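S.K.: This structure is in C-alpha cells; I'll ask about it shortly.
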Amino acid sequence: MPRNPSTGVYSKPAGTTPSVGQVIDPVPWNALTTDLGNEITNSLPRDGSAPMVAPLKAASGTVSAPGVGFASNPQTGMYLKGGGLLGFTQNGVDVSFDQAMVYAAKSGDYTALASDNNAVHRFTAAAIVTLTAAATLGSNWHYTIIADGADVTIDPNGAETIDGAATLIVPSGYSAFIICSGSAFFSNKLMTKILTKADSSAVGSFVDGLTLSNNTGSPNTHIDFAAGSARSGSSFVSSASTLTKRLTGTFAAGTGAGGLDAGAVAANATYFAYALRKDSDLSFDVVLSTSATIGGVTTTLLTGYTIVKCIGVVLTDASSLIRQFFMNSSDDYSFVTPVRDALNITTNTTSTLLALTVPNGVKVRAKLRFMFSSSATTNSCLVYDPAKGILIAGGNDSGGNVGTMQVASGFAVGSDFVWTNTARQVRHVAGATAGLWVFNDGFTFPCGRTA
C-alpha cells in the first residue's frame, strides 16, 4: 500500500509517471487509481458524514498551539503535556481538570505519594500519614483523610509544616482536606472549626465528671481523672476516657506521665489539678501545681497547651505521698482515714486560729467532728469560720457546736461543716478553759461540679 502507515506520506506506485509519447501501461495505472480510491475512502470526510475506524493520532501540540484546535480559534483545544498527561488550553491558557477521585481504606501507617492526588483514604485504626516532600508532590496536590476508628497524625516531610505546625492530628470521627503549595501543606480548617465551635460563643464555667481518685495500682503516687469535660468562659475541653498522672515527675503529655508543672513532690503540700487543652488537636491533659490560680502555674513545660480550668486538688502527707481520699458529688472529698488535726488542745475564752489538713491558698468547707472536755459543767466550744472575726462561745453569746453534758470533766461530741480561710485555718473559742479534739473527715473544694 503506497501510504506509509507511520508517517501518513503517500507515494505513487512505480511506473505511473509517463513521458510524452509513451504508451501507458494499464497495470501500474490501474493500481494507481485503485490506491487513490482506497486512500480517498480511508480519508476522514470534512463534512463528518463518516466516522473514524481507528484512533485519531493528533500532533502533541503546545499550550499556545494545541494538537487539536479549531479553525476559528487555533489556540483553544487539546495538547499533550509532559509526562504523557492530556492538557486543555483556552485562548492559549492552560485549563486544569482534576483527576478521578480514588477511595481506599487503610488500617495502619501510610506514606502519601504523588499518585494519591485527589485520593480519599479512610483510616480504620491509629495511624501516622507521612507526606512526601512538598516539592515532589507539587502545587495543587490535594488529599482527604478520614479518621474512622482512631486518631490519625499527619506528618509532613522533614521540617515542612502543615498549617504552620510540625504535625496535624485528625481525631477519630473527623476528616481533613489537605492541599500542597509546593513548599508546605495546609488543611481546610473545617475540623478545627467544628471542634472549637462551642468555644466561639459559649460562656459560663463548670466541670462535668473528671472526678479524681487514687490510682488502684499506685495510689500513693498516681491520680486518675475520670472521663468528662470542663469549661471556663469560652474555653472548653473534654475527655472520653480516664487519664492518669504521676505526682512524682514533671509534666509530660499523656496518661501515666508526670504531672507537676515544676520541681519535685513535697511533703504536706497542696497540688491543684488544672485541665489542659492541646492547641493542635484539642485533646485533654492535666497539670498539677501548688498555685491556687491559673496565673501562678509554671508554663515552661506547657508550650502548645491552654490551661482551661481547675478541676480538683490533691494533698500529700508528711512522707510526700498522696493522702488517700475518695470524691463524692458536688466537689466533696472524704479522707479514707480521718485526720486528727487537734488532740486535746487548750481552748478558752480567747478566740484562737487552728490549722487544718485541707488545701492551702483557697477557702474550703471542712467536714469536722469534735470532742470536748471541761471541768465546768455548762461549758461549750465554738469552732467557726475566721471570716466572722472574734466571737464568744456560750448560750448568751454566739453559742457553740460542742459542749459538756452537765458532768464535770465529762466528754461531749459534735460535728459541723466549717469554712476555712486561705491559710487552712478555722477559729475556736470556749466559755471557759477546756480540752478540744478536732477530727477532720475531708472538705468541699468548689470547682463547678453539681453532681
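The values are calculated or read from the model by the stated rules, or taken from the named source; none is laboratory data. Being a predicted model, the structure only gives us computed values, none of them experimental. Cβ atoms come from the backbone with ideal geometry, glycine included; neighbour counts cover every protein chain shown.
S.K.: Just give me the residues in segment 147-183 being within 21 Å of residue 108 (Cβ to Cβ) and in contact with a His (Cβ under 7 Å, 6 or more places away or on another chain), in sequence order.
M.R.: Passing the criteria: only 178.
S.K.: Can you confirm whether segment 311-323 contains a residue that is touching a residue at least 40 places away in the same chain (Cβ under 8 Å), among the charged types (D, E, K, R), surrounded by fewer than 20 Cβ atoms within 10 Å (Cβ to Cβ) and in a loop (DSSP other than H, G, I, E, B)?
M.R.: Within segment 311-323 (the criterion being touching a residue at least 40 places away in the same chain (Cβ under 8 Å), among the charged types (D, E, K, R), surrounded by fewer than 20 Cβ atoms within 10 Å (Cβ to Cβ) and in a loop (DSSP other than H, G, I, E, B)), the answer is yes, since at least one residue qualifies.
S.K.: Still on this structure, I have one more. Which residue pairs have Cβ atoms closer than 9 Å, lie 6 or more positions apart in sequence or on different chains, and pair a first residue in segment 52-78 that is within 23 Å of residue 5 (Cα to Cα) and among the aliphatic types (A, V, I, L, M) with a second residue that is at pLDDT 85 or above and in a loop (DSSP other than H, G, I, E, B)?
M.R.: Taking only residues 6 or more apart or on different chains, the pairs are 59/65.
S.K.: Being over 14 Å from residue 225 (Cβ atoms) and of a type in the set (A, V, I, L, M) narrows it down to one of 276, 288, 302, so name that one.
M.R.: It is 302.
S.K.: Could you check segment 73-161 for strands (runs of 3 or more DSSP E) lying wholly inside it with 1 or more residues that are within 28 Å of the chain's Cα centre (by Cα) and over 24 Å from residue 183 (Cβ atoms)?
M.R.: It comes to 102-106, 119-123, 127-131, 142-147.
S.K.: Among 6, 60, which is the only one that is hydroxyl-bearing (Ser, Thr, Tyr) and farther than 30 Å from residue 95 by Cα?
M.R.: When all the criteria are applied, what remains is 6.
S.K.: Does residue 218 satisfy the condition of being surrounded by fewer than 20 Cβ atoms within 10 Å (Cβ to Cβ) and closer than 21 Å to residue 304 by Cβ?
M.R.: So residue 218 does not fit the description; no.
S.K.: Does segment 294-301 contain at least one residue that is aliphatic (A, V, I, L, M), in a loop (DSSP other than H, G, I, E, B) and more than 18 Å from residue 210 (Cβ to Cβ)?
M.R.: yes
S.K.: Any chance you could count how many residues in segment 162-185 are of a type in the set (Val, Ile, Thr) and more than 19 Å from the chain's Cα centre (by Cα)?
M.R.: The total comes to 1.
Rundown of residues vs (1) on the phi > 0 side of the Ramachandran plot; (2) modelled with pLDDT under 95; (3) in contact with a helix residue (DSSP H, G or I) (Cβ under 6 Å, 6 or more places away or on another chain); (4) not in a strand (DSSP E or B), yes/no style:
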position	(1), (2), (3), (4)
381	no, no, no, no
391	no, no, no, yes
405	no, yes, no, yes
421	no, no, yes, yes
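S.K.: Return the residues of segment 437-451 that are among the β-branched types (Val, Ile, Thr) and surrounded by 16 or more Cβ atoms within 10 Å (Cβ to Cβ); say none if nothing qualifies.
M.R.: 438, 444
Yes or no, residue by residue, for (1) of a type outside the set (A, V, I, L, M, F, W, C); (2) out of contact with any strand residue (DSSP E or B) (no Cβ under 9 Å at 6 or more places or on another chain); (3) within 26 Å of residue 273 (Cβ to Cβ):
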{"position": "404", "(1), (2), (3)": "yes, no, no"}
{"position": "407", "(1), (2), (3)": "no, yes, no"}
{"position": "427", "(1), (2), (3)": "yes, no, no"}
{"position": "431", "(1), (2), (3)": "yes, no, no"}
{"position": "445", "(1), (2), (3)": "no, no, yes"}
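S.K.: Let me ask you something else. Tell me, please, whether a residue that is buried (at least 16 other Cβ atoms within 10 Å of the Cβ), at pLDDT below 85 and either among the charged types (D, E, K, R) or within 30 Å of residue 3 (Cβ to Cβ) (or both) can be found in segment 89-107. Explain how you work it out, then say what you get.
M.R.: If we filter segment 89-107 for residues that are buried (at least 16 other Cβ atoms within 10 Å of the Cβ), which is where we start, we get 89, 106.
Within this subset, residues satisfying the condition of being at pLDDT below 85 are none.
Checked against the condition, which is being buried (at least 16 other Cβ atoms within 10 Å of the Cβ), at pLDDT below 85 and either among the charged types (D, E, K, R) or within 30 Å of residue 3 (Cβ to Cβ) (or both), segment 89-107 yields no hits at all.
S.K.: If I filter segment 8-15 for residues that are surrounded by 10 or more Cβ atoms within 10 Å (Cβ to Cβ), of a type in the set (Phe, Trp, Tyr) and not in a helix (DSSP H, G or I), do I get at least one hit?
M.R.: yes
S.K.: For segment 326-364, enumerate the residues that are of a type in the set (Gly, Ala, Ser) and within 22 Å of residue 220 (Cβ to Cβ).
M.R.: The one that is of a type in the set (Gly, Ala, Ser) and within 22 Å of residue 220 (Cβ to Cβ): 334.
S.K.: May I pose another question? If residue 377 passes every condition in (1) closer than 15 Å to residue 417 by Cα; (2) free of Cβ contacts under 8 Å to residues at least 40 places away in the same chain; (3) polar (S, T, N, Q) but one, which one does it miss?
M.R.: (1)
S.K.: Among (1) assigned to a strand (DSSP E or B); (2) out of contact with any Ser or Thr (no Cβ under 6 Å at 6 or more places or on another chain), which single condition is residue 397 missing?
M.R.: (1)
S.K.: Restricting to segment 104-153, what's the tally of residues that are touching a Lys or Arg at 6+ places or on another chain (Cβ under 8 Å) and of a type in the set (D, E, K, R)?
M.R.: 3
S.K.: While we're here: Can you find, within segment 324-359, the residue that is nearest to the chain's Cα centre (by Cα) among those that are under 29 Å from residue 206 (Cα atoms), modelled with pLDDT of 95 or more and not in a strand (DSSP E or B)?
M.R.: 331
S.K.: So residue 63 passes all but one of these: (1) surrounded by 14 or more Cβ atoms within 10 Å (Cβ to Cβ); (2) assigned to a strand (DSSP E or B). Which condition number does it fail?
M.R.: (2)
S.K.: Sticking with this one: Which count do you get for residues in segment 34-48 that are of a type in the set (D, E, K, R) and in a loop (DSSP other than H, G, I, E, B)?
M.R.: Number of matching residues: 2.
S.K.: Further, regarding this structure: State all residues of segment 206-257 that are β-branched (Val, Ile, Thr) and under 15 Å from the mean Cα position of the chain (by Cα); if no residue qualifies, say none. Reasoning before the result, please.
M.R.: Filtering segment 206-257 down to residues β-branched (Val, Ile, Thr) leaves 207, 211, 216, 221, 223, 237, 242, 244, 248, 250, 255.
237, 255 - these are the residues of segment 206-257 that are β-branched (Val, Ile, Thr) and under 15 Å from the mean Cα position of the chain (by Cα).
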